[in-house]
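Participant: This is the structure I have questions about; it appears just below.
Taken together, the values in this text are just the output of simple stated rules run on the coordinates, not laboratory data. The shown structure was predicted, so the numbers you read here are calculated from the model rather than taken from an experiment. Ideal geometry is used to build each Cβ from the backbone, glycine not excepted, and the neighbour counts take in all protein chains shown.
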C-alpha cells in the first residue's frame, strides 16, 4: 500500500445526548460508512451485557476486524454514564474503546495507563502496525482523561508506551484537551486535523479530538467530518510515508 486512511470517532455509547431524544441510539454504522477509513479508532464504545458492542456491529456490517479495550462499567438509562471501573458489578454493560481495521495489520496490543486524580475509568493505548510503502507504520489510539484529572501527566506516562518521534507513527483519539496541550503531552509529534469537534450536538467550538503524526509521516486530506449524532464529530486523514 502507498497510503492508508485513518480516523477517530467518539460515539458517546452510540446514543444521542440531548433531550427530547436523550439516550436513544443513532446509526453509528451509517456514520462510520460515511467516514470511510481503513483504520478506525472508536471511543465511548458500549457493549450491553450478553450482547454485541456497537463496534462489533460496525465491524460486521462494514468488513472490519475489531479489538476492544474495556475501561469501565456503564449504563445507558436514564442517561449514558460510567458507574464503576472495569470488573465491577454495577452497570448494565461495558464501556471502552475499539480499534477497527479493514487492511492487514499486526496484532493489536493494549497498554494500560494509571494514576490520574479522581478518574472514574481505566485508560489504555491500543497499538498495532502495518506495512506501508516498504516501511512500517505504527498506529496508536487512546481516550485520554480530562484536564481536571491532571491529564498533563500523560507527558511522562506515555514514555515507553508510544513509539519514538523518529519512527513512522500515528496517534489518534479523544484527547479531552486543546491542541497546544496535546503538543505538550506528546512532544515531537505533529498535529494534522484542525477544526472544532465538540460539542457536535450543539455547535462545535473546541477541538479535543486529534490525529498526530511523527516526522516521517505525511498526512493529507486531514479534516473534521460532519456526520453522526454523537456529541463529537469524527476526524480523518490519509497517511503516507515521506
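Participant: Each label point is 7 Å from the Cα along the Cα-to-Cβ direction; what then is the distance between the points at residue 161 and residue 102, in nm?
Facilitator: With each label placed 7 Å out from Cα toward Cβ, I get 2.9 nm.
Participant: Over the range 77-135, how many percent of alpha carbon pairs lie in each 10 Å bin up to the one with the longest distance?
Facilitator: That works out to 17, 37, 27, 15, 4, 0, in percent per bin.
Participant: Then there is this: Neighbour counts of other C-beta atoms within 10 Å: give me 132, 154, 99 arranged from fewest to most.
Facilitator: Values: 132 19, 154 25, 99 28.
Fewest-to-most Cβ neighbours within 10 Å comes out as 132, 154, 99.
Participant: So if we plug the beta-carbon distance of residue 114 and residue 77 into 1/(1 + (r/R0)^6) with R0 = 51 Å, what FRET efficiency do we get, rounded to 0.05? Write down the numbers at each step before the final one.
Facilitator: Details: r = 30 Å, r/R0 = 0.58.
Calculated transfer efficiency: 0.95.
Participant: Neighbouring Cβ atoms within 10 Å as the yardstick, rank 140, 32 fewest first.
Facilitator: Ascending Cβ contact count within 10 Å gives the list 140, 32.
Participant: Here's a follow-up. When the convex hull of the Cα atoms of the range 133-242 is projected onto a plane and the area is averaged over all directions, what value comes out in nm²? Please list the in-between numbers first.
Facilitator: On the way: hull surface 27.8 nm².
Seen from a random direction, the Cα hull of the range 133-242 projects 7.0 nm² on average.
Participant: Mean-square fluctuation check for the chain, GNM, Cα pairs under 10 Å: which of 218, 58, 150 is largest?
Facilitator: With Cα springs under 10 Å in the chain, the top fluctuation among 218, 58, 150 is at 150.
Participant: Working out 0.36 nm times the residue gap between residue 34 and residue 57, then minus their Cα-Cα distance, what length gain in nm do you get to one decimal? All intermediate terms of the calculation are to be shown ahead of the outcome.
Facilitator: Numbers: separation 23, 0.36 × 23 = 8.28 nm, distance 1.52 nm.
So the chain would gain 6.8 nm between residue 34 and residue 57.
Participant: Could I ask something else about it? Compute the length gained on full extension between residue 183 and residue 85: take 0.36 nm times their separation in residues and subtract their Cα-Cα distance, giving the result in nm to one decimal.
Facilitator: Details: separation 98, 0.36 × 98 = 35.28 nm, distance 2.88 nm.
Result for the pair: 32.4 nm of gain on full extension.
Participant: On to the next question. What's log10 of I(q)/I(0) for the range 177-240 at q = 0.22, 0.25, 0.26 Å⁻¹, Debye sum over Cα points only, no solvent?
Facilitator: Debye intensities relative to I(0), on a log10 scale: -0.88, -1.04, -1.09.
Participant: With all distinct Cα pairs included, what does the Kirkwood hydrodynamic radius of the range 4-99 come out to in Å, to one decimal, could you say? Present the calculation step by step, with values, prior to reporting the outcome.
Facilitator: Values: mean 1/r = 0.0740 Å⁻¹.
When all Cα pairs of the range 4-99 are included, the Kirkwood radius is 13.5 Å.
Participant: For the chain, what is the per residue volume of the convex hull drawn over the alpha-carbon atoms, in cubic angstrom? Mind dumping the intermediate values first?
Facilitator: Working: hull volume 27.9 nm³, N = 242.
Normalising the Cα hull of the chain by residue number yields 115 Å³.
Participant: Could you please rank 184, 144, placing first whichever residue has the fewest other Cβ atoms within 10 Å of its Cβ? Could you put the intermediate results ahead of the total?
Facilitator: Values: 184 12, 144 25.
Going from least to most buried by this count: 184, 144.
Participant: Can you give the extra length, in nm with one decimal, that the chain gains between residue 27 and residue 218 once fully stretched, where that is 0.36 nm per residue apart less the Cα-Cα distance?
Facilitator: On the way: separation 191, 0.36 × 191 = 68.76 nm, distance 3.18 nm.
Extending this stretch completely gives an extra 65.6 nm.
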